[in-house]
Every structure is written in C-alpha cells, then in structure tokens.
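Derivation of every value follows stated rules applied to the coordinates shown; laboratory data play no part. Because the structure is predicted, anything quoted here is derived from the model rather than measured. All Cβ positions, glycine included, derive from the backbone under ideal geometry; neighbour counts span all protein chains shown.
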Amino acid sequence: MSILHNIRVLDFGRYIAGPFCGALLADLGADVIRIEKVDGSEDRYTAPVTEDGQGSAYMALNRNKRGFTLNPRRPQGQEVMRKLVATADVVIANLPPDTLASMGLDYATLTAIKPNIILTTSTAFGSGGPYGTRVGFDGVAQAMSGNMHLTGYADEPMKNYFPYVDYTTAALNTVATLAAIIHRMNTGEGQHVEGCLLASALTVANGTLIEQAMLGNNRVATGNRGQTTAPSDCFRSKDGWLLVQVAGNPLFERWAKLMGEPHWLSDPRYATDESRGENAKDISERMSAWMAERSTAEAMEELEKARVPCGEVLTPAEALVHEQVAARGFLVRTDYPGLPRPAPIGRMPIDFSKADTGIRLRPPTLGEHTDEILTELGYDSTAIDELRKKRVV
C-alpha cells in the first residue's frame, strides 16, 4: 500500500515550485489531480518536445498525476471546483494572492467549503513586506540571495543554469504539506502553508551569509575554484574535465600523498581548510598540472584509489547514458503520445525500503481524466457534454 493512498491533492501549480511538490506527493501515492486551463496552462508548452508542442518541463513534473481542465472563473466552473475541493485534502497553488482570491482558491474561501483543507502556496518574496505583491522567478531569488554574485567571475555575475531555487522550494513545500497532514491527523485542523523562493535561496546561502555578517569578508566569485577548501575546482584532463573536491585534513593528506609531495602538509599556508581556501590558487595550479598528464578515466582511477572525491563533467547527452544513472534507474523511459521515443523521466529521487514510489502513471495529456473525475463527482454524460460546450472544462 502506498504511503498517501487516502490523500487527494488538487494541483493548480504552474512551472516548477507547485507541480514538483505535487509530483512528490503523487510519488508517495496521493491521488494528485493536475488542473489546467481549458487550452492548457503555460508550463505545459515550455521547451516543446512533441509536434503539438508538449513541453519537456511538463513531462518532468507531472508523473503519477491525473489531468483535468477547468475554467474556475465561470459560474459553472466555480460549482465544479467547489465539488472538487469538498473531496480534497490538499490544494497546491503557486499563484499570486490576488489571483488566488479571484479564482476562489484563497484559504478563507477553501475552508468555507472544506474546513480542514490544507492549502500549500508559494510566493516569490513572501506574502508581506515591501516586495510582498511583486512577482518573481527562480533567477530573481538567485540574484537577491548572493548566489549570482558568487557564481561565475568577479566581473560577471552568473545564474545557475538549473533552477535550484524552484526545486528547493517545492521540496520544502512537500515537507510542509506532509507536516500539515500529520498535524491534521493529530488535531483535525487544516492550515495554510506557504513557501517562498527568496527564503529558499537564503536558506541555501545561509552559511555564507552568516560568515559575511560575522567577518565582513566580502567574497567575490572565483569561477569553479572553491574559497573555503582546496583543491576544490574543475580541472582539464587530456580528453575532458573533472571536478575534484577535497575538504578536511584527512582528505587533504590523501591528496598530498597522491601528488607524492609531503611538503603540502608541513607548510602552514595549507594547514587548515580555511588557509587552503585562501591559497587555493596554488593548490589548483598543482592539481591542473597533474590532471594535464592524464586522461579523465586515468585520473578518476587514481583519485578513486586514493579515495579523493571526483566526478567527470558530463554533457546532458552523456548524463543520459552514464553507467551509474542506468544502474540505479534514476531516469525511467516513459511513453507519451506524440513523442518519437520514450522520455527519460526522473522518478522520485529517494528510495524507500517499505514503499513503492515508482512511476505508475505517465504525465497526463491535456484534460485526459476530466470525464473520469467529473463522473466521480456525480456528473452524467449529458452534463459533462454541456460543460464542454460552454468551455467550462
């Protein structure tokens, strides 16, 4: 039996922070209903991979869900939504507060229908403060947390390519939703839990922010070269690139032994992680010379033998077929209508010893389960046809 087998979630999420939270809850067994506009929500069509424009991001974030279309701004749409909410345990909606209210998805409206409902929302900056009504995406939070200033180079702030803030917010929202479900089991009370992109980004940056507040050291970006340990950098081999990360004296001792140079261990400039970080350029130069004499495979073999953490820099094409990715089944080949071949969709990235969290359902086509869900709500075929003619669903 799945963990959340008796939980129903209405997923009004858009893009990443909402839908990924819904995907994780679906992986855990919840009946997650992805609710979109009648013509499809914007995030369905981001980075299209099918002839009719279905997007890769949609594929990644909507596994194990059922698909439903609805226009809640129409009176009959509001009626459908009220019936849906009455059957639900959780509503996910990463939409601005005024949009939530206009759609009838604000907490006050939802609790009038289902008093113990759990509402999980996300905002860019939090629901109060001078930025409380502003909109924003992942990159904005990266910029405002200090991440962009320290990524890239001193004269060029750089955003992470992958939207880590959105995914962090979604994961934290999932934790919060599960906590709210437990709270309701204990007390009978629902509640509103709210994630925030800026808060998530500041959480990831917090160690550096504490250091800045205490020491005022005003770090600037140094590319791939780390500043608090060494060697921690990306190095070119004869045929590629390799990332090496050494932290702590035991690992540094292993690295010095691998280099065959014990003087690194007696020089006070390299005595601690902090001092090695301050002199990281010297250590990176030595490691670069060592790497230049070897292929990536040769370097990895020697580093692994010395138990020094490293990893090859892979292109997306290489990551797809990497032996470790394949061996662990992290990406599951999944059919979807209109795709030329099965898509490598990420499963839940956590393994359970007592629960099956695999991909049970491929991402739904637009409104694929609308009739099925309306029937569950008590609508007959005539009523469903009428709702379709009026583009309520």
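Listing for the model above:
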item	result
Overall form of the chain per C-alpha gyration tensor (a/c, 1.5; a/b vs b/c)	prolate
Distance between the range 121-157 and the range 42-65 - C-alpha centres, whole angstrom	25
Extended-chain gain in nm, criterion 0.36 nm per residue less alpha-carbon gap, SER266 and HIS183	24.3 nm
Cβ-defined net charge surrounding ASP335, 14 Å radius [Lys, Arg +1; Asp, Glu -1]	+4
Pairwise label distance in nanometres, LYS281 with LEU258, each label 7 Å out on the Cα-Cβ vector	2.4
Largest-first ellipsoid semi-axes for the range 241-312, taking √(5λ) over the Cα gyration tensor eigenvalues, angstrom	20, 12, 11
Bridge type composition, the chain - antiparallel percent by DSSP, nearest 5	45
Distance (nanometres) between label positions extended 7 Å along Cα→Cβ at ASN249 and ASP98	6.0
Above-threshold pairs, the threshold being 31 Å between Cα atoms, out of LYS65/LYS390; LYS281/LYS305; LYS37/LYS354; LYS159/LYS238	LYS37/LYS354
